[in-house]
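Everything on this sheet refers to the single structure shown next.
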């Protein structure tokens, strides 16, 4: 079955009784209560002049909460460390920027949503020449960069302590200004993931070794944050097998290795896992149809979130959002999503490009208003993301 919206053909599920209503059940974890199971995936906008979030940021996030997204996760924000930013327009999460972020949190709460800040250190994926400290080398577990960026230097023990302190300080700030939790960016080949990944971790000390020993930096960072914010403030970790420089990368090859990798992170203080994949429906290991979030939940018992081309026909293929020109909209893969959710594979579903183009995507789909859905069009999104929203269908 197909309908047309804005001259875009939209695939719909064949089942007449299809419904996403189960995803509107509340989630209660003991630390936080969410109104439903939808989350806005963290997506970089790069409109923060001198590190200050844009004036439209509060309304941009509020619109997604008002449109039916229970948990908002912000774009990646830089903790108070001088070489954390990937580029010059990445928003900061310290200093004067915190007043703007407090406005964002208040706006999201006013629309009935909860909000986490995604804390992001780019490590050697930083584009030093595009930052406000261009002469400062980027830091990582070693001076190697899978992206070919530079100059870089390997982190000393003092550097490691400074980054851990910066993340802890950012988490304390998030709690103080009214955020409901934090999401640590430990995926896609950025700093924490650079320690996880054998290709970028070329150290010869206790921060390297097998895939368990390479979690040491992440464990110490998480533990430092947990000590700073106490037991009741949610800490979510985003992690991935794939890396920005290598979509075929694997940290672990088997469920047994995955358990060994995840359990130390749980012990350090992770409450929730954001399991980043590009296609949510793909099995992670041979012999099982569980995806990455499904295996993570099975092995840790923690709340997990799935993500990856939900509601889209074209999976994420480009190196950057800017290289993805458009993506057809579909509801067909939501049939599989609901099957996986209802058997308990994951607790939360993150929306990315779908909710950029359609701030009220959950509400529209819930009500069967498919004619109001628009396919992903990067040209429209890139033009309007600095402001509160993309234009409405009538504008």
Can you compute the radius of gyration and Dmax for segment 206-276, using only the Cα atoms, both in Å? 12.7, 37
For 104, 212, what ranking results if the residue with the fewest other Cβ atoms within 10 Å of its Cβ goes first? 212, 104
Need one number: the % of Cα-Cα pairs in segment 116-204 sitting beyond the 19 Å mark. 42
Springs between alpha-carbon pairs under 10 angstrom, Gaussian network model over the chain: which of 359, 283, 91 fluctuates most? 283
Normalising by the residue count of segment 70-134, find the relative contact order in percent from Cα pairs under 8 Å and 6+ residues apart. 51
Given that compact globular proteins tend to follow 2.2 N^0.38 Å, what is the ratio of the alpha-carbon Rg of segment 158-223 to that value? 1.20
Acute angle (nearest 10 degrees) that the helix 255-268 long axis makes with the longest principal axis of the chain, alpha-carbon atoms: 70
Tilt relative to the chain, helix 97-110 - C-alpha long axis, 0 to 90 degrees, to 10: 30
Divide by every residue of the chain the summed helix terms, -39500 (n - 2.57) for each DSSP H run of at least 4, and state the resulting mean residue ellipticity at 222 nm, rounded to the nearest 500 deg cm²/dmol. -9000 deg cm²/dmol
Run the numbers on segment 2-384 and let me know its relative contact order in percent, using alpha-carbon pairs under 8 Å that are six or more apart. 17
What's the percent breakdown of Cα-Cα distances in the chain across 20 Å bins, shortest bin first? 29, 61, 10, 0
Order of 226, 238, 278, 297 from fewest to most other C-beta atoms within 10 Å? 278, 226, 297, 238
Across 59, 232, 193, the residue with the highest GNM fluctuation in the chain (Cα network, 10 Å cutoff) is 232
Angle check, please: helix 57-66 long axis (alpha carbons) against the longest principal axis of the chain (alpha carbons), in degrees 0 to 90, nearest 10. 50
Listing 275, 263 from the residue with the fewest other Cβ atoms within 10 Å to the one with the most, what is the order? 263, 275
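Just so you know, all these numbers are worked out from the coordinates, no wet-lab data involved. This one's a predicted model, so the numbers in the text were calculated from it and none came from an experiment. Positions of Cβ are generated from backbone atoms using ideal geometry, with glycine treated the same way; all protein chains shown enter the neighbour counts.
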